[in-house]
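Single-structure report; data block below.
The values are calculated or read from the model by the stated rules, or taken from the named source; none is laboratory data. Fair warning: this is a prediction, and the values are worked out from it, not measured in the lab. Cβ atoms come from the backbone with ideal geometry, glycine included; neighbour counts cover every protein chain shown. Surface areas here come from the heavy atoms of the whole protein model, side chains and all, with no ligands, DNA or RNA. Shrake-Rupley method; radii C 1.70, N 1.55, O 1.52, S 1.80 Å.
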Amino acid sequence: GRVISKLLCSGEKEVDLAVQNAKAAFKIWSQMSGMERSRVLLEAARIIREQREEIATLETINNGKSIFEARVDIDISWQCLEYYAGLAGSLAGEHIQLPGGSFGYTRREPLGVCVGIGAWNYPFQIACWKSAPALACGNAMVFKPSPFTPISVVRLAEIFTEAGVPKGLFNVVQGGAATGQFLCHHPDVAKISFTGSVPTGVKIMEMAAKGIKPVTLELGGKSPLIIFSDCALENAVNGALMANFLTQGEVCCNGTRVFVERKILDAFTKEVVKRTQKIKIGDPLLEDTRMGALINRPHLDRVQGFIKQAKEQGAEVLCGGDLYVPDDPKLKNGYYMRPCVLGNCTDNMTCVKEEIFGPVMSILPFDTEEEVVERANTTKFGLAGGVFTRDIQKAHRVVAALQAGMCFINNYNISPVELPFGGYKSSGFGRENGRAAIEYYSQLKTVCVEMGDVESVF
């Protein structure tokens, strides 16, 4: 609840200056070889790895998540830069032989100045997920972090500069919706990548359409986690906790609709409640804390409102859901709550249909595979889904039927940078991470070469 710093919002003038600087840097960066760009990205990864503790502490202060989680975020960040450094030198087109000795070839070329707009739940990591493939492909980037978590991305910009990118290649602008609008409407911006809510994603897509700019949208979710009776119960409970309570539940791909086969409903619920009640809440900078503070007061109030509405609609609060006041007097105004498990849930409840984005798990019983797959897909979202079962054929059959871009079998919320990440339906389109991201930060040019005389039809 305390102010840690104040930043000036970037207006139209500052946004234009950032874009023009990025445009100038792009001319230098895009002419470098993939191997040259690779070395710079590797150096940035090395700096992040060496400063892991300092950056993780900054991120915890920035966001409120536990230092334990923040370290994982920073590790994923430098791994992302290393991964795309490895790909930078291998980016290539192809040669196609045509009749009579003629041939064609394709060139994979950068787009230009890309815009990244980040969310507040993984500020540093999202900035790396967007900038690493963009820079590997030869682009420049102007990045706008959430106004709730503006600090750690500035450190990333400093690190890129230290690593040797041309001045202005990765620029940071600060602000809210107005700053974002200036970026989306800027004529020299070639592409927009956004992580955040569905309503904001719709607005960004509308703005981008006016300039015919490609977009990558990583939006919200209300993902199903399906627990079959033949699962390893302890593993499934661990998975459910991972799927609901990381970063205080403020994770877009969380498996917040936990479908449990009726045969094991009581045993699973009892164990989940027991484990949830043991989660250590408090100062996120302490080593044994596993849940820190939510992002701000309005969001805490919103999450509490969902729980109140769930009770009114017939759900049962099995544990948590109330505000938590740490013993430390410095933290008395923090935005803490106890993680909540809701039982007696049905598919038509608001808590089951809408994204809460807080530490709230909804448990729903099911009887058959066919039934649970149909219910799992009855949502406007399609970001993720998970299955816990010992039957590997059933596992693959169910994830094949799930309408979701990121699926997990006997684990949850594991996001290696080697694997593409993104959603179906209202959860967005385009992909981050993996080789797939290269497609969204580059464009193909086709060249057709005639080795003989041109045959004219005129």
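Which residues, counting only those in segment 291-307, are in a helix (DSSP H, G or I), surrounded by 18 or more Cβ atoms within 10 Å (Cβ to Cβ) and not polar (S, T, N, Q)?
Listed by number, the residues that qualify are L300, V303, F306, I307.
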Evaluation of G434 against (1) assigned to a helix (DSSP H, G or I); (2) of a type outside the set (V, I, T); (3) assigned by the TED database to the domain that holds I126 (one fails), failing number: (1)
Filter result for the condition that a residue is open to solvent by less than 50 Å² (accessible area, probe 1.4 Å), in contact with a strand residue (DSSP E or B) (Cβ under 8 Å, 6 or more places away or on another chain) and in the same structural domain as N433 (by the TED database), over T269, T195, T276: T195
Residues (assigned to a helix (DSSP H, G or I), surrounded by 21 or more Cβ atoms within 10 Å (Cβ to Cβ) and aliphatic (A, V, I, L, M)) located in segment 160-189: L183
Residue within segment 254-265 that is closer than 26 Å to R297 by Cβ and either out of contact with any helix residue (DSSP H, G or I) (no Cβ under 6 Å at 6 or more places or on another chain) or outside the structural domain of W129 (by the TED database) (or both) present: yes
Checklist (1) open to solvent by less than 10 Å² (accessible area, probe 1.4 Å); (2) within 21 Å of the chain's Cα centre (by Cα) applied to F228, failing item: (2)
Lone qualifier among D288, D328 - being modelled with pLDDT of 95 or more and either open to solvent by 20 Å² or more (accessible area, probe 1.4 Å) or touching a Gly at 6+ places or on another chain (Cβ under 6 Å) (or both): D288
Which listed residue, of T350, T378, T368, T346, is of a type in the set (S, T, Y), free of Cβ contacts under 8 Å to residues at least 60 places away in the same chain, surrounded by fewer than 23 Cβ atoms within 10 Å (Cβ to Cβ) and closer than 21 Å to L233 by Cβ: T368
